[in-house]
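Colleague: Sending over a structure as structure tokens; questions will come in a sec.
The values are calculated or read from the model by the stated rules, or taken from the named source; none is laboratory data. Since the structure is predicted, the reported quantities are computational estimates derived from the model, not experimental observations. Every residue, glycine among them, receives a Cβ derived from its backbone with ideal geometry; neighbour counts consider all protein chains shown.
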Amino acid sequence: MNDSPGWASPGSAPSDEPDRGTQEPAQQPAPDEPGAEQPAPPNWSKQQPPASQWSSPTGIPGQGGPADQNTAADTRARAGTTIPAQGGWNGPPAGGPGWGAGWAPTPPAAKPGVIPLRPLGVGEILDGAVSTMRAHWRTVLGISLVVAVVSQTLITVVTGLWFQGPGRAPSIGQSSRSAMADLMRDMLKSLATSGATALIGLLATLIATGLLTMVTSRAVLGRSVTTGQAWQDARGQLPRLFGLLLLLPVMLLAIAAAGLAPGILIAATGGVGVGLLLILFGGLAATIVSVWLGVRYSLASPALMLEKQGVIASMRRSAKLVRGSWWRVLGIQLLAYLMVAVVEFMIQIPATLIAFAAGGESLLDWANGTNDSTSWTFLTVMGIGAVISSTLTFPLSAGVTALLYMDQRIRREALDLELARAAGLPGYGTDAAGTADAAAPADVHTDPTPGS
């Protein structure tokens, strides 16, 4: 047996006990010596049945049927002995539950709001996010609509000013060098536009996550919340939230630049083949590191908002909560992103068809990459579709992130007990009912190091 605590069997001595296994048994008189008599065990009869003829004792259901009982009775009759009943056990007491009775089911966990107060499953996290949106739809959709309109307006302006089509096919007779230069210029312009729009989208997602986290924290306690209350709860942390929003994208962009810069420099100096190979491997390495860091710091926004932490402290807090559960957090986040992608696909496909019809764009030219410009009508209709999809998907992604943060704290720090006391549930503290109304959801999470 392992000597670690919990592995040794009850009553066994540790393996490092001195003289273990070397003690000599007590000297007993030989059975053939005159006057020698084997001492009988306490409370046992001196006459015992012959060896190897013991059978299962009766009275224990599941261990001795009628056939076993008959065999045991025959054995006792042949031996001419009886087995005393002193100290025996004849089954459960009368009136009590027998061995056949099933175990009592575990009582369900308290559920004052959108989730039960216990470690959550994947389905419960997703259901909690949807339930929050349904229970507080005015507040949730109002916040999401404002963030979506502002962010999508910026994306539409950036796309209309910088992006004039995915590319132009080189004309006949154009030199290969000038065609390559145009291709590189269009590629850099497309990358710059995609990077700018992705950055705006990331900032919008993080802002929505920070504000909607306050709504989710109250929904967990079963309390209603208005847009003004959510703003009041989040207002003091907004400067730090903006700092976090700036630091995370800059860190990811720096990683991407470090991975792509060597290949781009070599390709620009003439080594196109080697440069493209380095760009491929550098981009792959940068993507792996970015994904690892993105998951590691994915809970920084709710930690910053609910625990009133600073930027660096919230990132450390997120890393501590994710440690040991990186793959689980990644899987849940990927599932949430898949659901978001499905919703966006269902909305953007009709919006794209309407945009082509309203803007007079040619779908064939877009497919061939020969369109010279993009009309503002087309971009506006596409932006409206993006606003609708973002308004519906922001609460989903934000709710999953906030509930995943709470689930990690429930698993590691027994946050469910604090939430139950804050919700005023009976049996979780004598002053729970008196302090339930005064304790804001943010105050429930203010202790950054419980259980550490």
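Colleague: Find the residue count for segment 267-323, including only residues that are buried (at least 18 other Cβ atoms within 10 Å of the Cβ), of a type in the set (Val, Ile, Thr) and farther than 21 Å from Leu248 by Cβ.
Modeller: Going through segment 267-323 one residue at a time, the tally reaches 1.
Colleague: Next question. Hey, any hits in segment 235-242 for a residue that's surrounded by 15 or more Cβ atoms within 10 Å (Cβ to Cβ), out of contact with any Ser or Thr (no Cβ under 7 Å at 6 or more places or on another chain) and free of Cβ contacts under 8 Å to residues at least 12 places away in the same chain?
Modeller: There is at least one residue in segment 235-242 that is surrounded by 15 or more Cβ atoms within 10 Å (Cβ to Cβ), out of contact with any Ser or Thr (no Cβ under 7 Å at 6 or more places or on another chain) and free of Cβ contacts under 8 Å to residues at least 12 places away in the same chain.
Colleague: Also, I was wondering about something else. Restricting to segment 205-223, count the residues that are within 19 Å of Leu145 (Cβ to Cβ) and either outside any helix (DSSP H, G or I) or hydrophobic (A, V, I, L, M, F, W, C) (or both).
Modeller: From segment 205-223, those within 19 Å of Leu145 (Cβ to Cβ) are 205-216, 219; that's our starting set.
Keeping just the survivors that are either outside any helix (DSSP H, G or I) or hydrophobic (A, V, I, L, M, F, W, C) (or both) gives 206-208, 211-212, 214-215, 219.
So the answer is 8.
Colleague: Could you say whether any residue in segment 265-286 is under 18 Å from Leu404 (Cβ atoms) and not polar (S, T, N, Q)?
Modeller: Quick first cut of segment 265-286, residues under 18 Å from Leu404 (Cβ atoms) only: none.
Checked segment 265-286: no residue is under 18 Å from Leu404 (Cβ atoms) and not polar (S, T, N, Q).
Colleague: So, in segment 260-313, how many residues would count as being in contact (Cβ under 8 Å) with a residue 40 or more places away in the chain and over 17 Å from Ile207 (Cα atoms)? Steps first, please.
Modeller: First pass over segment 260-313, keeping only residues in contact (Cβ under 8 Å) with a residue 40 or more places away in the chain: 293-294, 297-311, 313.
Next, only the ones that are over 17 Å from Ile207 (Cα atoms) stay: 293, 313.
Summing the residues that are in contact (Cβ under 8 Å) with a residue 40 or more places away in the chain and over 17 Å from Ile207 (Cα atoms) in segment 260-313 gives 2.
Colleague: Looking at Ser217, Ser194, can you tell me which residue is within 28 Å of Val387 (Cα to Cα), surrounded by 13 or more Cβ atoms within 10 Å (Cβ to Cβ) and among the hydroxyl-bearing types (Ser, Thr, Tyr)? Spell out the reasoning first.
Modeller: Numbers: Ser194 fails: surrounded by 13 or more Cβ atoms within 10 Å (Cβ to Cβ).
Of Ser217, Ser194, the one residue that is within 28 Å of Val387 (Cα to Cα), surrounded by 13 or more Cβ atoms within 10 Å (Cβ to Cβ) and among the hydroxyl-bearing types (Ser, Thr, Tyr) is Ser217.
Colleague: Please verify whether Ala261 is surrounded by 15 or more Cβ atoms within 10 Å (Cβ to Cβ) and either within 26 Å of the chain's Cα centre (by Cα) or in a helix (DSSP H, G or I) (or both), treating the condition exactly as stated. Outline the logic, then answer.
Modeller: Numbers: surrounded by 15 or more Cβ atoms within 10 Å (Cβ to Cβ): no; either within 26 Å of the chain's Cα centre (by Cα) or in a helix (DSSP H, G or I) (or both): yes.
No: the conditions fail for Ala261.
Colleague: Right, another one. Which helices (runs of 4 or more DSSP H) does segment 374-452 wholly contain that include 1 or more residues that are at pLDDT 90 or above? Walk me through how you get there before you give the answer.
Modeller: Details: elements: 376-413, 415-422, 432-435, 441-444.
Filter on segment 374-452 gives 376-413, 415-422.
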